[in-house]
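Since the structure comes first, as structure tokens, the remarks are kept for the end.
Rule-based calculations on the coordinates, nothing more; no lab input. Computed from a prediction, not measured in an experiment: that's the story for all the values here. No Cβ is skipped: glycine too gets one built from the backbone with ideal geometry, and neighbour counts run over all protein chains shown.
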Amino acid sequence: MRVKKHNFFVPHWPCPSSVKCVITYKFGGASKEPYKSNNLATHVGDKSEAVIANRESLKEKLALPGDPIWLNQIHGVEIIEVEDGYQISDGDGFYCRKKGFPCGILTADCLPILVCNTLGTEIAAIHAGWRGLSNRIIKNLLKMFHAPADQLLVYLGPAIGLDNFEVGSEVREYFIANSENCEHRKQIDNAFYPSKGQKLKADLYELARADFRIGGVKRMFGGEFCSFKEKDHFYSYRREKITGRNATLIWLE
């Protein structure tokens with residue numbers, strides 16, 4: 001059970017003590033409707049002073065080692081390695097081996113994914129909707145790590161759940177076309193279920209797990225959320241269209 005004492009929660013996964021991470025809730029901020037109230041995104045139409053206040057509040061509450069760094073997320077597969085002097089870039093993921101850089105991903109139905117190695121010296125955060133997943137953003141991410149796949153830990157954050165994510169059959173075909181092998185295709189196929197008419201329901205969590213499994217990752221956690229259904233906790237673009245964004249942050253200490 002998630003406790004509402006704070007407007008964020010700490011993911012429950014066995015990451016090393018050097019790896020810190022949080023995921024924000026939608027309540028407890030300065031934004032007004034339709035972004036009420038803890039919107040962390042500057043690109044959705046919210047007043048900039050409200051977003052700045054929300055970001056500063058989060059930084060203060062967490063005693064972050066520096067200002068969070070962000071991306072211009074474009075539903076692609078580009079992973080940015082964090083270096084000193086980072087400037088905001090187009091991309092959908094961070095990879096980092098440096099201490100003191102809180103890497104932030106913004107979501108409202110898409111899947112935020114955290115990854116670290118068991119030594120606690122490498123971290124990553126990615127934004128994965130169906131486009132990024134189908135174009136193999138996870139495969140790109142795994143190539144960034146120095147640690148082998150069997151020494152990686154994965155946390156799947158709040159995304160739209162299977163029951164509320166309806167897609168066209170072409171989405172399934174796109175995943176199949178970009179699959180690795182027969183076993184991968186079987187796992188992808190098992191992540192889609194019949195819905196109304198020609199529509200299908202898609203399990204983003206299982207699609208992500210399939211990519212990690214085929215890449216050799218065994219230890220995965222989280223994945224029990226539904227941003228669409230949990231309207232008191234998370235923003236959902238599919239539910240509301242004009243809405244804010246939750247933030248998922250990870251950093252090394």
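Numbers at a glance
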{"read-out": "Qualifying residue in segment 216-230 (condition: farther than 24 Å from Thr24 by Cα, part of a helix (DSSP H, G or I) and not β-branched (Val, Ile, Thr))", "value": "no"}
{"read-out": "Filter result (out of contact with any strand residue (DSSP E or B) (no Cβ under 8 Å at 6 or more places or on another chain) and either surrounded by fewer than 13 Cβ atoms within 10 Å (Cβ to Cβ) or not in a helix (DSSP H, G or I) (or both)) within segment 199-215", "value": "Gly215"}
{"read-out": "Entirely in segment 81-198, the helices (runs of 4 or more DSSP H) that have 1 or more residues that are hydroxyl-bearing (Ser, Thr, Tyr) and at negative phi", "value": "130-134, 169-177"}
{"read-out": "Count of residues meeting criterion [closer than 15 Å to Gly129 by Cα and not in a helix (DSSP H, G or I)] in segment 231-246", "value": "4"}
{"read-out": "When residues of segment 111-145 are limited to those that are out of contact with any Pro (no Cβ under 9 Å at 6 or more places or on another chain), buried (at least 24 other Cβ atoms within 10 Å of the Cβ) and not small (Gly, Ala, Ser), the one nearest to Ala202 (Cα to Cα)", "value": "Leu133"}
{"read-out": "Given (1) assigned to a loop (DSSP other than H, G, I, E, B); (2) small (Gly, Ala, Ser); (3) surrounded by fewer than 21 Cβ atoms within 10 Å (Cβ to Cβ), index of the condition Ala50 fails", "value": "(1)"}
{"read-out": "Residue that is farthest from the chain's Cα centre (by Cα), among those in segment 146-189 that are among the aromatic types (Phe, Trp, Tyr) and crowded, with 21+ Cβ neighbours inside 10 Å", "value": "Phe175"}
{"read-out": "Complete set of residues in segment 56-80 that are in a helix (DSSP H, G or I) and either surrounded by 13 or more Cβ atoms within 10 Å (Cβ to Cβ) or in contact (Cβ under 8 Å) with a residue 24 or more places away in the chain (or both)", "value": "Ser57, Leu58, Lys59, Lys61, Leu62"}
{"read-out": "Flag if Trp13 is more than 19 Å from Thr243 (Cβ to Cβ), of a type in the set (Phe, Trp, Tyr) and surrounded by 15 or more Cβ atoms within 10 Å (Cβ to Cβ)", "value": "yes"}
{"read-out": "Residue check, Val44 at negative phi and touching a residue at least 60 places away in the same chain (Cβ under 8 Å)", "value": "yes"}
{"read-out": "Qualifying residues in segment 2-41 (those that are free of Cβ contacts under 8 Å to residues at least 24 places away in the same chain and aliphatic (A, V, I, L, M)) - the one nearest to Leu152 (Cα to Cα)", "value": "Val10"}
{"read-out": "Residue list for segment 229-247, restricted to those being closer than 24 Å to Trp70 by Cβ and either surrounded by fewer than 22 Cβ atoms within 10 Å (Cβ to Cβ) or out of contact with any Ser or Thr (no Cβ under 7 Å at 6 or more places or on another chain) (or both)", "value": "Glu230, His233, Tyr237, Arg238, Arg239, Glu240, Lys241, Ile242"}
